[in-house]
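Chemist: Starting off with a structure, shown below.
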Amino acid sequence: MHSAPTLTSCVLHKTPITPPVAVAAQGIYFDLEDGRRIMDGVGGAAVACIGSAHPVVVEAIREQAGKVNFTFHTQLTTEPAETLAKILIDDSKGAFAYVGFVAGGTEAMEAAMKTARQYFYETGQTQRSNFIGRKVSYHGASLGTLGVASNAARRAPYECILDQKTFHHVSPAYARRHQAGDETEEEYVERLRSELEAKFIELGPDTVIAFVAETVSGASSGVVPPPKGYFKAMKAVCDKYGALLILDEIMCGMGRVGTLHAWETYGDGVSPDIQAVAKGLGGGYTPMGAILLTQKVAEGMRAKAGVWQHGYTYQAHPLCCAASVAVQRVIKQEGLLANITTQGALLGDLLRSRLLRVGSTVAPYVYDIRGRGGFWAVEFDVTASPALDYGGKRLGFLVEARCFQKNLMIMGMFGGANLDGTLGDHCMFAPAYNITSEEITRIVDIFVESVEEVIAEGRV
């Protein structure tokens, strides 16, 4: 288990115990105060897309700090902010025209929602006040993002102060769990499309601002891709009634699934009106997030006020933008999207061959193995025979803890398998894009060994 640091911590941690202290990091490895070296198989939280201490990024931050370390965004712009925006627009294949910078994923989604509302406010459609999100989803930790999402455990303490009149929800796009046995994929998508349209009509079609979804789910059900044709169908409903499509690619975007934007892989030719990105944008070197806007939205948003009526003190921070420019250049120059596509395929192959092999004692408990590129999850079923019993503890968390004992960091999660958040345990992987095949093999070795031990201990 985690050992206590030398000094008593005064940090308000999100964990019940103080995490161990990291004293150095290089690539996908962390050196801890207690002398251990830990391999990071999940990029922190799908953040560290090129690992730690890459010399190109370190030098870019150092150089920028010696030039301009801060400007207030309404007074001055900077070369790295303008360069990064140009990179993102040029790489969007014509989907977007403008970029708004923020400091992280929650802020990006909050900005996306405010921008969508401003668009309709400025264009004279002030009656539009409703957002439609999905059940079993996660979009951030602010009240607004908790409201548009629907994650039972995360919402519970704040349910009474979330705006029930503004945020509404439809079914998740999780075919393995929710597609009926007698439905084809096309019929399942049509059912979801009809449900969304019915929600529009129930609320009043001209009152809906946007439909909001993760292109590939992240911190909710865990790396669940949409069924084929899903986003084309959802966008058709939005277009029919004049609403916007907002895609949350905080986790799954910026190369995580092997393409810069996840909708390039899973969007059926459809791109969003507004997109939120973060994590892989700056790779964890600095706090960083952004929203990407179409020409239509940008022009409409500025129809009266003439400006983006949203902002934070540290918006477009020069050090953050310089770091992000360097991260994006490293990804391109080192061919890392091709590498993570190759290594991701290896990760999936190894997980399947090791966990689902004939005669494996863990195979009955593996419900699903899914993913692409550097974004994978293994979902478990604790109800298989004989049932697993951990005295109320969650299998995903137990596997995560066992992996940590064996010097590997992954992410254990629960509650993504049903609508009330009580079913489902899964473990998530999101390694750096420059990971090697040897490191992928080592991650799978430790993970499988940990799963075998934990499942053996839980059998009753």
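Chemist: Gly222 passes all but one of (1) modelled with pLDDT of 95 or more; (2) open to solvent by less than 10 Å² (accessible area, probe 1.4 Å); which number fails?
Modeler: The single condition Gly222 does not satisfy is (1).
Chemist: A further question follows. Test Pro272 against the stated conditions and say whether it is at pLDDT 95 or above, open to solvent by 30 Å² or more (accessible area, probe 1.4 Å), in a loop (DSSP other than H, G, I, E, B) and in the same structural domain as Gln118 (by the TED database). Give the steps one after another, and end with the answer.
Modeler: Values: at pLDDT 95 or above: yes; open to solvent by 30 Å² or more (accessible area, probe 1.4 Å): no; in a loop (DSSP other than H, G, I, E, B): yes; in the same structural domain as Gln118 (by the TED database): yes.
So Pro272 fails the test.
Residues checked against (1) among the acidic types (Asp, Glu); (2) touching a residue at least 12 places away in the same chain (Cβ under 8 Å); (3) out of contact with any helix residue (DSSP H, G or I) (no Cβ under 8 Å at 6 or more places or on another chain):
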position	(1), (2), (3)
Ala60	no, yes, no
Glu63	yes, yes, no
Gly66	no, no, yes
Phe70	no, yes, no
Thr77	no, yes, yes
Pro80	no, yes, no
Ala85	no, yes, yes
Ser92	no, yes, yes
Ala97	no, yes, no
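Chemist: Go through segment 96-167 and tell me which helices (runs of 4 or more DSSP H), entirely inside it, have 2 or more residues that are surrounded by fewer than 19 Cβ atoms within 10 Å (Cβ to Cβ) and hydroxyl-bearing (Ser, Thr, Tyr). So that I can check it myself, show each step before the final result.
Modeler: Numbers: elements: 105-122, 143-148, 152-155.
By residue number, no helices (runs of 4 or more DSSP H) qualify.
Chemist: Related question: How many residues, within segment 427-440, are surrounded by fewer than 23 Cβ atoms within 10 Å (Cβ to Cβ) and either among the small types (Gly, Ala, Ser) or over 21 Å from Arg256 (Cβ atoms) (or both)?
Modeler: 2
Chemist: For segment 225-248, give me each residue that is part of a loop (DSSP other than H, G, I, E, B) and either open to solvent by 10 Å² or more (accessible area, probe 1.4 Å) or within 25 Å of Asn418 (Cβ to Cβ) (or both).
Modeler: Pro225, Pro226, Pro227, Lys228, Gly229, Tyr241, Gly242
Chemist: Can you name the number of the only condition in (1) over 16 Å from the mean Cα position of the chain (by Cα); (2) within 19 Å of Glu110 (Cα to Cα); (3) in contact (Cβ under 8 Å) with a residue 60 or more places away in the chain that Val307 fails?
Modeler: Going through (1) over 16 Å from the mean Cα position of the chain (by Cα); (2) within 19 Å of Glu110 (Cα to Cα); (3) in contact (Cβ under 8 Å) with a residue 60 or more places away in the chain one by one, Val307 breaks only (3).
Chemist: Further question on the same structure: Among the residues of segment 235-255, which ones are closer than 10 Å to Leu281 by Cα and not aliphatic (A, V, I, L, M)?
Modeler: Gly253, Gly255
Chemist: So in segment 168-206, with the set limited to residues that are within 11 Å of Asn130 (Cα to Cα) and either at pLDDT below 95 or outside any helix (DSSP H, G or I) (or both), which one is least open to solvent (accessible area, probe 1.4 Å)?
Modeler: Restricting to residues being within 11 Å of Asn130 (Cα to Cα) and either at pLDDT below 95 or outside any helix (DSSP H, G or I) (or both), the top hit is Gly204.
The values are calculated or read from the model by the stated rules, or taken from the named source; none is laboratory data. Quick caveat, the model's predicted, so the values are computed rather than measured. Every residue, glycine as well, gets a Cβ built from its backbone with ideal geometry; the counts of neighbours run over all protein chains shown. These accessible areas exclude ligands, DNA and RNA; they are computed on the full protein's heavy atoms, side chains included. Shrake-Rupley method; radii C 1.70, N 1.55, O 1.52, S 1.80 Å.
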